[in-house]
Amino acid sequence: MTTVLVVDDQPLQRMGVRMLLEGTPGLDLAGEAAHGGEAVRMAAELRPDVVVMDVRMPGMDGIEATRRIVASGGRTRVLIVTTFDLDEYAYAGLRAGASGFLLKDAHPEELVAGIRAVATGDAVVAPRLTRRLLDAYAHRVLAPSGGPAPQDPRLQALSDREREVLVAIGRGWTNTEIAERLVLSESTVKKHVGRVLAKIGARDRIQAVITAYDAGLVRAKD
C-alpha cells in the first residue's frame, strides 16, 4: 500500500485528490495539509511514501516544504503539482529534491501513475521532457556563475563508463538510446544507471540530470 500526503491550500483540490485516492486500489490517503509548514510537520509524523505538493501557498510555500522534507533524510518522496508546464517554481522544486512534477489538470490516471512511479523511485517526467524543461530555464536556474566548473566531488567515485552514462542521462537519452550509442545491453545500462544514482547521491533520474548540469558535464543545448 502506497501512503500519500496531499498538500494544497485549496479545499476543492484536496477533495478531488482524496476522492481519487479513496477510489484507487493500492493507494491510501495518509493525511491532508493546507500549507507548507503543516506539510513538513505531518510528513515527519506520518512518514508517507509520497507527498503530492502544491507550489503556491501562503506562508511556507511548496518549494521550501519540499526542501525540508527531503533534507530530513526520510524515505518520503515529493511529487510537485503546478499550474503551468513552464512554471519556474517547478524547477526550483526539482532543485529542492522533488522527484518530479505534473500539471494540476493532469488526467486522474496520470496522477495515479505519477504517484506510483515516484513511490517506486522513478522520475515522473520522461527523460526527453526533463531535458526540454531544464533547457527552458537553464540560463536562470542552472547557469554557472562564470568560468570553468570546478571538479564536482560527486563525480570522483564514478568510473569512466559511469561518467559517460551520467552525461547520457543529462542529455535526456533513454536507456534504449544509451544502450545503442554506447553499444551496451539495456540490462547493463540499467545497472550502470543504478550505480551512478547511488554514487552521486541522486534520488532519481531527474536529480541526476541536475547533477550533470551542475557539474558542467552537460549544458543547455549541448
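The values are calculated or read from the model by the stated rules, or taken from the named source; none is laboratory data. If you're wondering where the values come from, they're calculated on a predicted model, not measured in any experiment. Methodologically, a virtual Cβ is constructed for each residue, glycine included, from the backbone with ideal geometry; neighbour enumeration extends over all protein chains shown. We work out accessible area using only protein heavy atoms, side chains counted, and drop any ligands, DNA or RNA first. Shrake-Rupley method; radii C 1.70, N 1.55, O 1.52, S 1.80 Å.
Things to note:
- The criterion of being part of a helix (DSSP H, G or I) and closer than 22 Å to residue 205 by Cα holds for residue 112.
- Residue check for residue 202: free of Cβ contacts under 8 Å to residues at least 60 places away in the same chain, surrounded by 15 or more Cβ atoms within 10 Å (Cβ to Cβ), more than 22 Å from residue 115 (Cα to Cα) and touching a helix residue (DSSP H, G or I) at 6+ places or on another chain (Cβ under 8 Å): no
- Candidates 75, 14, 18: the one that is in contact (Cβ under 8 Å) with a residue 24 or more places away in the chain and at negative phi is 75.
- Residue tally, condition free of Cβ contacts under 8 Å to residues at least 24 places away in the same chain, over 20 Å from residue 151 (Cα atoms) and either open to solvent by less than 40 Å² (accessible area, probe 1.4 Å) or assigned to a helix (DSSP H, G or I) (or both), over the range 185-199: 6
- Test: residue 68 is of a type outside the set (Gly, Ala, Ser), farther than 19 Å from residue 111 by Cβ and either part of a helix (DSSP H, G or I) or under 19 Å from the mean Cα position of the chain (by Cα) (or both): yes
- Leading residue by the ranking (modelled with the lowest pLDDT) among those in the range 107-140 that are open to solvent by 30 Å² or more (accessible area, probe 1.4 Å) and aliphatic (A, V, I, L, M): 126
- Unmet criterion (only one of (1) at pLDDT 85 or above; (2) among the polar types (S, T, N, Q); (3) more than 24 Å from residue 71 (Cβ to Cβ)) for residue 151: (1)
- Close Cβ contacts (under 9 Å, 6 or more residues apart or on different chains) running from residues in the range 152-170 that are free of Cβ contacts under 8 Å to residues at least 60 places away in the same chain and under 10 Å from residue 215 (Cβ atoms) to residues that are among the charged types (D, E, K, R) and open to solvent by less than 80 Å² (accessible area, probe 1.4 Å) comprise 170/131.
- Where residue 59 falls short, out of the listed (1) modelled with pLDDT of 95 or more; (2) part of a loop (DSSP other than H, G, I, E, B): (1)
- Count of the range 50-66 residues, restricted to those that are surrounded by fewer than 21 Cβ atoms within 10 Å (Cβ to Cβ) and in contact with a Lys or Arg (Cβ under 9 Å, 6 or more places away or on another chain), is 1.
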